[in-house]
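Okay, so here's the structure we're looking at.
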Amino acid sequence: MSAPIQNYIEVIPPRLLEAVRAQQLAGARLVQICCTRLEEFEILYSFSRPGFFEHLRIRIPDSSVAVPSISPIYSGSFAYENEIHDLFGISFTGLNIDYRGNFFQNIGFCADGGAGNENRGKRGEIKVPRIGSLTRKQFQGLEK
């Protein structure tokens with residue numbers, strides 16, 4: 001058995017939905033969406049079919065550029081897109097389920113990676129973020 005073929009395709013944001021629709025029509029499943037910030041924001045959409053991975057990469061200069069949501073095509077992408085919005089401040093237009101910046105309830109971390117003073121308790125400890133109805137420690141299995 002050989003390793004799957006992997007292709008990376010650069011896409012400009014206005015052509016993203018067209019490229020994603022092509023993935024859907026080819027029978028690909030959405031594997032993940034990730035975002036990172038180097039000199040600019042890079043969002044990578046990964047799709048798979050048997051023996052084949054394809055990654056669509058878009059780059060935007062800053063969070064003032066809105067990205068079209070792929071949630072009308074792959075409905076489960078709303079979770080990735082809300083997470084990216086909360087962590088990086090990037091807006092997605094046409095998002096089918098929009099948490100409006102509240103995907104992570106009471107998150108104690110800022111988009112710049114730091115913890116804001118408003119998220120500190122009386123003794124200076126960082127408040128534990130809540131993901132759904134579980135605390136982060138419960139989610140990680142560290143407390144019952």
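Values in this text are rule-based calculations from the coordinates and carry no lab data. As the structure is a computational prediction, the values presented were derived from the model and not from experiment.
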How big is the convex hull of the Cα atoms of segment 1-60, per residue, in Å³? 78
Taking segment 5-99 as the region of interest, what is the percent of Cα-Cα pairs per 10 angstrom bin, listed from the shortest bin to the one with the maximum distance? 17, 54, 26, 3
